[in-house]
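Trainee: Questions regarding the structure given below will be posed in turn.
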Amino acid sequence: MAPSTFKKWTVEGSDGFDALKFNEKASLPKIGDKDILVKFHAASLNYRDLAIPKGKYPFGVRNGVVPGSDGAGTVESVGPRVTRFKQGDKVVTLFNQGHLGGPIDTSNIQTGLGGLIDGTLAEYGVFDENGLVAAPSNLDFAEASTLSCAALTAWNALYGLQSHALKPGQTVLTQGTGGVSIFAVQFAKAAGAKVIATTSSSEKAEVLKKLGADHVINYKETPNWGEQAKSLTRNGNGVEHIIEVGGPNTLAQSLKAVAMDGVITIIGFIGGFNKDQPSFLDCLNHQCIVRGILVGSRLQFEDMNRAIEANDIHPVVDQKRFPLSELKDAYQYMWEQKHFGKLVVTIA
């Protein structure tokens with residue numbers, strides 16, 4: 001039976017990581033007819049989590065919200081009208097709680113955990129049954145806790161545009177070694193695709209090769225990596241799927257690499273902005289699709305989890321783990337980019 005109080009973090013203001021407040025005796029919320037009480041065992045962090053207390057997140061944030069979007073745990077109790085889960089089931093949270101299927105819209109874009117809705121960096125959380133998915137049976141809680149944002153974003157990038165879903169033999173280009181890029185390498189190889197990855201160091205290049213990357217380009221040594229990537233594709237026709245995480249500073253190279261009718265999926269802008277960024281005319285000239293996405297739907301999540309089980313895919317998780325009480329240290333560790341793969345917070 002769940003206790004009457006529990007431990008949770010909240011975000012109070014936007015003055016940096018000191019805005020994170022730890023409440024060790026929060027009152028356990030009541031569940032409604034269609035709600036589920038989840039006991040969390042692990043949560044993982046995303047760059048978004050760091051941006052919110054620093055006041056740098058462009059979407060809605062509620063003061064006092066429990067941070068974190070990604071978490072895995074067990075069902076502690078269920079409301080009387082719940083049909084999808086039962087006590088003891090292992091579950092993972094859906095990033096946008098209202099995005100069940102189809103394209104995201106202006107309504108469900110406002111249902112992101114850890115922004116306007118209480119998230120996962122707590123011992124317990126209450127969620128509508130539709131805001132959870134069954135955890136893949138081949139993963140432990142730490143691994144499962146990494147799927148909600150980075151993994152689903154990578155899956156949506158490769159399969160979300162159904163007319164251009166990834167096919168065996170096609171080429172995927174990934175940038176760097178962030179969570180989305182690593183998952184994209186794993187999903188692409190499982191699908192029988194060829195992977196070209198970019199990185200900045202020989203050490204990271206070796207890791208990418210171990211994950212299955214067919215070619216790795218050091219973008220510091222080869223600034224014009226787009227043309228090199230294109231030359232590595234079949235008949236030099238270009239890359240069918242590019243996972244664009246850098247933003248304007250890398251998009252120009254992505255456009256040089258992309259195939260005609262290829263897809264560049266924009267999921268971030270960690271490279272910053274510049275005044276010479278590409279325009280819509282560049283997209284026209286290269287006859288490609290440039291698509292922005294925000295994670296993915298529950299139906300996509302369930303498809304992805306079936307693929308994870310069938311191919312026994314295991315997320316890359318940083319070796320260092322932080323207990324819930326040391327969340328600020330975890331944020332700082334990630335802010336200083338000391339992690340490799342997904343950074344996990346252990347809860348119970």
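Trainee: Over 20 Å between Cα atoms: which of Lys167/Lys220; Lys7/Lys39; Lys7/Lys338; Lys7/Lys342 fall into that group?
Mentor: Among Lys167/Lys220; Lys7/Lys39; Lys7/Lys338; Lys7/Lys342, the Cα-Cα distance tops 20 Å for Lys167/Lys220; Lys7/Lys338; Lys7/Lys342.
Trainee: Angle between the Cα long axis of helix 298-310 and the longest principal axis of the chain, 0 to 90 degrees, nearest 10?
Mentor: Value to nearest ten degrees: 80.
Trainee: Same structure again: Can you tell me which of 238-244, 326-332 comes out highest on packing, and rank the rest after it, using the mean Cβ neighbours within 10 Å?
Mentor: The peptides rank, most packed first, as 238-244, 326-332.
Trainee: With θ set to phi - 60° and the Karplus curve 6.51 cos²θ - 1.76 cosθ + 1.60, what are the ³J(HN,Hα) couplings of the stretch 258-267 in order, to the nearest whole Hz, using x for Gly and Pro?
Mentor: 6, 7, 4, 6, x, 10, 9, 9, 8, 10
Trainee: 222 nm [θ] for the chain, helices only, -39500 (n - 2.57) per DSSP H run of 4+, per residue, to 500?
Mentor: Counting only the DSSP helices, I get -6500 deg cm²/dmol.
Trainee: If the reach is capped at under 18 angstrom between alpha carbons, list the aspartates and glutamates near Lys21, excluding any in the same chain fewer than eight residues apart.
Mentor: Hits, sequence-local ones excluded: Glu12, Asp49, Asp118, Glu123, Glu326, Asp329.
Trainee: Which lysines have a Cα less than 19 Å from the Cα of Lys34, not counting those fewer than 8 places away in the same chain?
Mentor: The reachable lysines, counting only those whose Cα sits under 19 Å from Lys34, are Lys86, Lys90.
Trainee: Would you mind getting the Kirkwood hydrodynamic radius of the stretch 291-348 from its Cα pairs, rounded to one decimal in Å?
Mentor: Hydrodynamic radius (Kirkwood, Cα pairs) of the stretch 291-348 is 13.7 Å.
Trainee: At q = 0.22 Å⁻¹, what is the log10 ratio I(q)/I(0) for the stretch 161-292, with the Debye formula run over Cα points and no solvent?
Mentor: Calculated log10 I(q)/I(0) at the listed q: -1.45.
Trainee: Can you divide the C-alpha Rg of the chain by 2.2 N^0.38 Å and report the result to two decimal places?
Mentor: Relative to the 2.2 N^0.38 Å estimate, the chain comes out at 0.99.
Trainee: Any chance you could check the Cα centroid distance between the stretch 104-161 and the stretch 320-348 for me, in angstrom?
Mentor: What the calculation gives is 18 Å, centre to centre.
Throughout, read-outs are computed from the coordinates displayed, never taken from laboratory work. These numbers were taken from a predicted model, which means no experiment stands behind them. Cβ atoms come from the backbone with ideal geometry, glycine included; neighbour counts cover every protein chain shown.
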